[in-house]
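Read the structure below first, then the notes.
The values are calculated or read from the model by the stated rules, or taken from the named source; none is laboratory data. Note that the coordinates shown come from a computational prediction; the quantities given were computed from them, not determined experimentally. Glycine gets a Cβ as well: all are built from the backbone with ideal geometry, and neighbour counts include every protein chain shown. Note: areas computed on protein heavy atoms with side chains; ligands, DNA, RNA excluded. Shrake-Rupley method; radii C 1.70, N 1.55, O 1.52, S 1.80 Å.
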Amino acid sequence: MGLFDSFLGGKATKFIKRKDSDAGEAGRALEEIRSTLYNDIRTSEGAKRQQQRICGPFVAMSFNFMVAVGIILANKLVMGRVGFNYPIFLTLIHYTTAWILLAIFKSLSLLPVSPPSKATPFSSLFSLGAVMAFASGLANTSLKHNSVGFYQMAKIAVTPTIVFAEFILFRKTISFNKVLALVVVSIGVAVATVTDLEFNLFGAVIAILWIIPSGINKILWSNLQQQGNWTALALMWKTTPITIFFLVALMPWLDPPGVLSFKWNLNNSSAIIVSAVLGFLLQWSGALALGATSATSHVVLGQFKTCVLLLGGYFIFNSDPGFVSICGAVAALLGMTVYTSLNLQESHDKVTKQSQKPSLPLSKPTTTTTQEESLESNVKDNSDVV
């Protein structure tokens, strides 16, 4: 009986140990899944990977394109039919609405985690918030005080400004073929859209002052997201209060008086609220596009939007912009196609280079084996000496 009990006891002990090991493996697997979910949701690196996984270049730029078309129609309704002629205050409403929505996201734990404060200095966030206020506020002011043609010329000037600024700040260069494609795009958009160049001294000064902040704004958005672990929503949460502060400071200088005497009835307020929500979506989609592509590609996307609206009005609504404008739009679209194909070719080359890099570590086992052989030979030599 003692031998039988000891035999059963050994079997039972082995069975219990096997069950414990299985439970330990299941617990470790559950812990790994839990840590993976935590990294994907509650860390800046995981949030950035999740944003890159969900919002690639095509999705981000398509999202930005659709929202941009919608806010153009909404702002035309607000400034035209509603008669809300306060561009800085309208921009302030947009960013205040965005900050309220972001606060709601944060209270519901839907806002991605920001990187540590040591990773990005506060001066960079402060600069982005200030530049964003001038870029957005001066854009609406320029649209109010300038003709459409002069406004488009200022937008075209943003492209060489970004190329020059990226070279000065980051020593970033682009190929000669891309330069030619951007020149074709700029000339095509100019021919397609610049039909009137009514000169206004105040409007011209505003347009010139808007060009540099607009280019720097796009560069900073793209650089902080691509080189740091910032997501679009996290960066918006940190910089929007700074933008609101500078917009409040710009209001007395650029907006006309009388905003308090505006008729805030239901129809006017509803149109302004719709414009504000679209403004939040435009800021978010623009940040996603800048994080997925580059500042220059985002400007080309805006010019693509202009040409598509012009050609869409011609084919769908039977508008007649003129033969020269249509030829300019077609030439600009061809230049954009070439520019996009060059970007795709560069990204494909980068992927192929990265796929070839893992072949290098294969030489490590040979080095380890040679080291082992040398050690064995040393041991043999030492044994011979002994």
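Data overview
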{"item": "Some residue of region 54-62 being within 20 Å of the chain's Cα centre (by Cα), outside any helix (DSSP H, G or I) and modelled with pLDDT under 90", "result": "yes"}
{"item": "Qualifying residue in region 163-182 (condition: surrounded by fewer than 17 Cβ atoms within 10 Å (Cβ to Cβ), among the aliphatic types (A, V, I, L, M), under 19 Å from G302 (Cβ atoms) and at pLDDT 80 or above)", "result": "yes"}
{"item": "Segments classed as helices (runs of 4 or more DSSP H), wholly inside region 84-160, with at least 3 members that are among the charged types (D, E, K, R) and free of Cβ contacts under 8 Å to residues at least 60 places away in the same chain", "result": "none"}
{"item": "Count of region 131-145 residues which are open to solvent by less than 20 Å² (accessible area, probe 1.4 Å) and either more than 17 Å from I93 (Cα to Cα) or of a type in the set (A, V, I, L, M) (or both)", "result": "6"}
{"item": "Given (1) at pLDDT 85 or above; (2) not in a helix (DSSP H, G or I), index of the condition L247 fails", "result": "(2)"}
{"item": "Out of L128, L92, L108, sole residue that is farther than 16 Å from A287 by Cβ, of a type in the set (A, V, I, L, M, F, W, C) and crowded, with 18+ Cβ neighbours inside 10 Å", "result": "L92"}
{"item": "From W230, W253, W221, W237, residue being free of Cβ contacts under 8 Å to residues at least 24 places away in the same chain and either under 24 Å from V163 (Cβ atoms) or open to solvent by 40 Å² or more (accessible area, probe 1.4 Å) (or both)", "result": "W253"}
{"item": "Count of residues meeting criterion [in a loop (DSSP other than H, G, I, E, B) and either at pLDDT 75 or above or touching a Cys at 6+ places or on another chain (Cβ under 6 Å) (or both)] in region 281-332", "result": "3"}
{"item": "Answer from S136, S147, S142, S123 - the residue that is touching an Asp or Glu at 6+ places or on another chain (Cβ under 9 Å) and not basic (K, R)", "result": "S147"}
{"item": "Condition met for V179 (part of a helix (DSSP H, G or I), more than 26 Å from V67 (Cβ to Cβ) and of a type outside the set (K, R))", "result": "yes"}
